Amino acid sequence: MNNSFKELHEYRKYTSKAEIHKAINTLIGIIQGIQLDKAINVEELEEIVHWCSMHRHLQKKSPFSEIIPVIDHALEDNILEPDEVEDILWLCRRVIKEDDSNEYYNLITSSIQQLEGILHGLLADNELTETEINKLAIWMEKHAFLKGTYPFDEIDSLLTSARKAGVISEDEKHMLKAFFGNFVDTKISYNVNEFEIKKLQRKYSVSGICAMCPEIEFEGKNFCFTGTSSQATRNEIAELIINKGGTFNKNVTKKTDYLIVGGDGNPCWAFSCYGRKVEKAVQMRREGSSILIVHENDFWDELF
C-alpha cells in the first residue's frame, strides 16, 4: 500500500487538546464510515494509513503514541478484521473519555466531529452505495440528540427525502455525495476526488446551505466572512467589497446579505466544518432570512 502523500503547506502542529480531540474523533468517524457496508476495500484502508501518515510526526506525543502503533500492527497484512476495528475504536474512545478536557468538548461536539469523519469514510473510495446510505440513516436515528445542531438536521432531511421511495436513485446518490463533500477536507484525504466533488456540487445545490454559482450583488449589500481565505486577508476582502459599493461586518446580523465561507477551513472550529457563523446563518434562513451562504471560490468568480 502506498503511504506517500503530499505534505500540507505549513501543516498545523497539534498544540491543544481541542485539536487532538478533533483528530481522534475524525479517525473514529472515518473508521465507522468505511465499515458501514461491512466491506473495507483497499482505497478505504488507504484513508486510515493516510491519517497515520498525517500525524506520524506526533507519534511520540500521547495519544498518537498509543493509537498509531495499534493501527500499524493491524494493517501489517493490509486487512482490517472486525476485531481489529473494535480494538482501534475502543482505544480512541478511551482516549476521548479519559481526557480531562471533557468540560470543553462535550458529547454533541464530539459526535458532530465523528459525523464529519463518517462522511469522509463514506467517500473514501469515491462510491456511495445504498447500503452505506441506509446504515448512515440508522446512525442518525441513534444520535437523534444532535437535532438542532448543524449539519445534522440538513443531512437528516436529505437522507429522509432520498430514502422515501424505498429505492435510492443514482441521481439521489450524487446529490448526497455533493452535499457530504462539503464536510470532507480533501487536503487531508488520500483518495477523495476533489474534482469530482466540485463537479457534483456545481450540478446539485441544496437550498439554504451553500449556494452554487450564485449571482452576487455588491452595491448596497452587507457581507460577512468566516474561515480562512486561500487568496487574501480578511481586511483585503473587506476593502474589495467596500470598493464595489458593499459594506462589511465582522459578525452575521439580520442585515447580512452574504456570508462568504473561506476555502481553507480551520481545524480548530468547534463544529469541525464552517463554524458558528454558518450555523447562525442556516438558522436565520430557517426563520425566513434571505441571507446567502456562498463559497469563497464563487465570490472571487463574481468579483472578477
Within region 38-62, considering residues that are assigned to a loop (DSSP other than H, G, I, E, B), surrounded by fewer than 19 Cβ atoms within 10 Å (Cβ to Cβ) and of a type outside the set (Ser, Thr, Tyr), the one modelled with the highest pLDDT:
41
If a residue must be touching a residue at least 40 places away in the same chain (Cβ under 8 Å) and part of a loop (DSSP other than H, G, I, E, B), how many such residues does region 63-99 contain?
5
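Residue-wise test of (1) assigned to a helix (DSSP H, G or I); (2) farther than 26 Å from residue 109 by Cα.
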| residue | (1), (2) |
| --- | --- |
| 128 | no, no |
| 138 | yes, no |
| 154 | yes, no |
| 168 | no, yes |
| 174 | yes, yes |
| 218 | no, yes |
| 235 | yes, yes |
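Could you list all residues from region 76-95 that are among the hydrophobic types (A, V, I, L, M, F, W, C) and over 17 Å from residue 33 (Cβ atoms)?
Let us first name the residues in region 76-95 that are among the hydrophobic types (A, V, I, L, M, F, W, C), namely 79-80, 85, 88-92, 95.
Residues satisfying the conditions are 79, 90, 91, 95.
Restricted to region 281-304, and to residues that are of a type in the set (Phe, Trp, Tyr) and surrounded by 17 or more Cβ atoms within 10 Å (Cβ to Cβ), which residue is nearest to residue 219 (Cα to Cα)?
So, considering only residues that are of a type in the set (Phe, Trp, Tyr) and surrounded by 17 or more Cβ atoms within 10 Å (Cβ to Cβ), the one nearest to residue 219 (Cα to Cα) is 299.
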Say whether the condition of being assigned by TED's automatic domain parsing to the domain that holds residue 181, surrounded by 13 or more Cβ atoms within 10 Å (Cβ to Cβ) and modelled with pLDDT under 90 is met by at least one residue in region 69-90.
no
Looking only at residues that are surrounded by fewer than 18 Cβ atoms within 10 Å (Cβ to Cβ) and of a type in the set (D, E, K, R) in region 245-278, which one is modelled with the lowest pLDDT?
264
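The values are calculated or read from the model by the stated rules, or taken from the named source; none is laboratory data. Remember, it's a predicted structure, so these values are computed and weren't measured experimentally. Cβ atoms come from the backbone with ideal geometry, glycine included; neighbour counts cover every protein chain shown.
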